[in-house]
Amino acid sequence: MIWNETKECMSRDEMSCLQSARLVKTVDRVYHNVPYYRNKMQQAGLEPGDIKGIEDINKLPYTTKDDLRETYPFGLFAVPMSEIVRTHASSGTTGKATVVGYTRRDIDIWKECVARAFTQAGITREDRMQIAYGYGLFTGGLGAHYGAENLGAMVVPMSTGNTKKLVTMMEDFDVTAIACTPSYLIHIAEVLKETNQLDKIKLKTAVCGAEPWTDNMRKQIEADLGIHAFDIYGLSEVMGPGVACDCIHHKGLHVYEDHFLPEIIDPTTLQPVGEDVTGELVFTTLTKEGLPLIRYRTKDLTSINYGKCECGRTLARINRFKGRSDDMLIIRGVNVFPSQIEAALLEMNGTTPHYMMIVDRQGSLDSLEIQVEVEERFFSDEIRELENLSKQIGHVIQNAIGLAAKIKLVEPRTLERSEGKAKHVIDKRTLV
Amino acid sequence: MYIKQLSVFIENREGRLDDVLEILKTNNINIISLSLADTADYGMLRLIVNTSARALEALKNNGFSASLTDVTVVRMPHKIGQLQELASLLCKADINIEYMYSISIGQDDACIVFKTSGKIEQFADQFKKDGVEFVTQNDIAAMVK
Ligand SMILES: [Zn+2]
């Protein structure tokens with residue numbers, strides 16, 4: 001099923017045409033309504049008339065999270081405040097929160113995009129869907145909620161924090177679909193296993209996002225729960241969940257390009273890179289009224305492909321994320337992403353993703369310890385077997401990241417579980 | 001032929017052994033013998049208890065990684081050279097001992113617990129002829145008054 005066939009299956013020419021018309025309007029609007037953007041454009045020697053279509057995108061300056069912080073809270077809003085019907089804010093781990101605002105039309109488009117994403121995942125009005133993202137300032141809960149309602153599914157607004165109640169209702173309500181973070185879904189699967197409810201639930205579909213996960217993690221979730229799992233992408237600055245989502249063929253996430261113009265750039269030279277080349281993902285919003293963004297740098301590393309998908313959609317697809325430049329750790333001068341550790345662990349047969357990276361510094365040398373929970377499936381009563389397991393993990397990780405790590409086996413359920421974003425890193429190094 | 005040994009993975013953290021013993025006590029489980037193999041980070045606690053299935057369940061319910069392992073237990077008199085005789089029988093049968101420990105039960109005899117790499121049952125009759133006395137699960141249960 002395709003929610004909006006006209007938009008999701010249009011030819012590349014039609015799409016470029018639509019994007020160009022919308023880009024020209026957006027640029028014109030921010031130039032006239034947002035002094036901050038006007039200044040930036042003037043400094044670059046640009047006038048709205050210089051942007052005639054998407055082929056001129058490279059003339060425009062980039063926007064970053066710093067721009068949002070500098071104009072905190074509402075400085076980049078492009079409509080009178082009376083037009084704003086909703087705000088969300090992202091928790092600022094460093095410095096101020098970033099605030100986003102939506103007009104009524106922005107909310108309509110958001111729920112359209114999420115409905116497209118959920119339809120892409122096979123969800124229909126017959127489904128009963130638990131929304132298990134946090135509700136509140138975080139865009140996950142309300143974003144998924146409005147989309148599921150728009151689609152016509154029966155929504156169970158669980159939010160996060162009470163897994164026991166969630167699994168009880170999952171069984172009692174015959175819940176068939178869930179939206180949550182992948183790490184929370186793994187936690188839910190564990191609880192279902194513990195309570196012997198796995199064969200009593202009717203779950204068919206999960207749409208997971210808000211944190212990076214690997215294809216292997218998806219396959220494991222699918223096998224453990226006997227469901228189909230899909231990857232939904234979004235970021236609050238651009239809109240929230242529903243900017244892109246993968247389809248049953250899992251060959252990249254379809255970007256709702258009629259609303260968000262994607263670009264991939266080299267993060268060092270800031271120049272666009274070609275199709276299928278990995279770089280930083282950049283978005284320009286094409287229809288947003290409240291907070292239009294011009295060439296917003298997401299810090300997410302991925303590549304893009306414009307080929308038509310087997311599912312029939314012509315929407316460009318972005319690849320599974322290679323990591324976030326924000327999450328990147330530099331250990332002994334090597335760039336390490338937690339997602340690489342995750343992928344390596346999952347490639348080993350039967351290893352689950354419960355691990356913790358502990359980075360420390362002894363003298364002037366960085367040390368990396370990876371704690372891995374010894375779960376039943378690779379339990380052995382022989383020390384030699386356990387030592388072999390440690391060695392094997394160490395080997396696989398060294399191959400993946402090019403660094404030797406100390407592997408420490410720990411008891412099951414001793415590493416911190418999160419119901420929001422997964423915590424897999426403890427960095428004890430104090431920067432001098 | 002085999003006895004079920006309870007094997008528990010424990011981290012080298014303060015109080016973990018105590019936690020295991022506490023759980024066994026609360027569940028009214030009697031420990032007949034135990035051995036602890038340890039490395040820098042973790043240990044493997046191996047126990048012979050009166051009711052291994054119930055002990056396993058109790059530990060799992062408390063989040064421990066534990067399993068039941070097949071081990072062989074033989075009874076032998078307290079006489080010099082007995083253990084050597086057993087070792088040599090196993091050696092001749094080309095059976096490796098992964099680990100072993102003992103159960104001391106009385107003045108006159110003792111029991112040896114061991115895990116072997118190969119299957120021991122095919123040699124069971126021969127060993128019995130050679131005077132090896134295998135201890136059964138019922139014998140274990142009877143060791144508890
Ligand atoms: Zn597709």
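The values are calculated or read from the model by the stated rules, or taken from the named source; none is laboratory data. All figures in this text were calculated on a predicted structure; none of them were measured in a lab. For neighbour counting, all protein chains shown are included, and Cβ atoms are generated from backbone atoms with ideal geometry for every residue, glycine included. Calculation scope for accessible area: heavy atoms of the full protein, side chains included, ligands and nucleic acids excluded. Shrake-Rupley method; radii C 1.70, N 1.55, O 1.52, S 1.80 Å.
Computed quantities for the displayed model
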read-out	value
Unit charges at the beta carbon, dipole of chain B: most positive-side option, B:A110, B:A37, B:F64	B:A110
Over region B:71-142, relative contact order from alpha-carbon pairs under 8 Å, at least 6 apart, %	43
Unit charges on C-beta of K, R, D, E only; dipole of chain B, Debye	260
Helix A:12-33 vs. chain A, principal-axis angle (Cα, 0 to 90°, nearest 10)	70
Choice from A:G147, A:G307, A:G122 with maximal GNM fluctuation in chain A (Cα, 10 Å cutoff)	A:G307
Cβ-placed point charges (K, R +1; D, E -1), dipole of region B:3-69 about Cα centre in debye, nearest 20	320
Total accessible area lost when A and B pair, probe 1.4 Å, Å² to nearest 100	1700
For the protein assembly as shown: rounded, prolate or oblate by the Cα gyration tensor [a/c cutoff 1.5]	prolate
Most positive-pole-ward Cα, A:A21, A:H187, A:A117, against dipole of region A:1-325 from beta carbon charges	A:H187
Degrees, to the nearest 10: B:52-61 long Cα axis against longest axis of chain B	30
For chain A, built as a Gaussian network whose Cα springs stay under 10 Å, the top-fluctuating residue of A:A21, A:A210, A:A179	A:A21
Among A:Q43, A:T314, A:T268 the positive-end extreme of the charge dipole of region A:1-325 (Cβ point charges)	A:Q43
3J(HN,Hα) from dihedral phi, region A:400-414, Karplus parametrisation 6.51/-1.76/1.60, rounded to Hz, x for glycine, proline	6, 10, x, 9, 7, 10, 7, 9, 10, 7, 10, 5, x, 6, 9
Value of relative contact order over chain B, rounded to a whole percent, pairs C-alpha under 8 Å and six or more apart	28
Shielding of A:376-385 by partner chains, average beta-carbon count, 10 Å	6
Pairs from A:K40/A:K299; A:K96/A:K406; B:K25/B:K92; A:K25/A:K96; B:K4/B:K79; A:K65/A:K251 whose Cα-Cα separation, in the structure shown, is over 32 Å	A:K96/A:K406; B:K25/B:K92
Residues with amide H under 5 Å from that of A:V425, placed H, sequence gap 5 or more	A:M357
Set of lysines with alpha-carbon distance to A:K164 below 28 Å, sequence-local pairs under 8 removed	A:K193, A:K200, A:K202, A:K204, A:K219, A:K421, A:K423, B:K60
Gyration tensor verdict on region A:1-60 (Cα atoms; rounded if a/c is under 1.5, prolate if a/b is larger than b/c, oblate otherwise)	prolate
Region A:185-240 - Rg and Dmax from Cα coordinates, angstrom	12.8, 41
B:K92, A:K408, A:K288, ranked by accessible area, largest first (probe 1.4 Å)	B:K92, A:K408, A:K288
Cα-based helix-to-principal-axis angle, A:215-225 vs chain A, degrees rounded to 10	60
For the protein assembly as shown, size of Cβ-based charge dipole, Lys and Arg +1, Asp and Glu -1, in debye	780
Accessible area (Å², per residue) of the protein assembly as shown, counting only protein heavy atoms and a probe of 1.4 Å	45
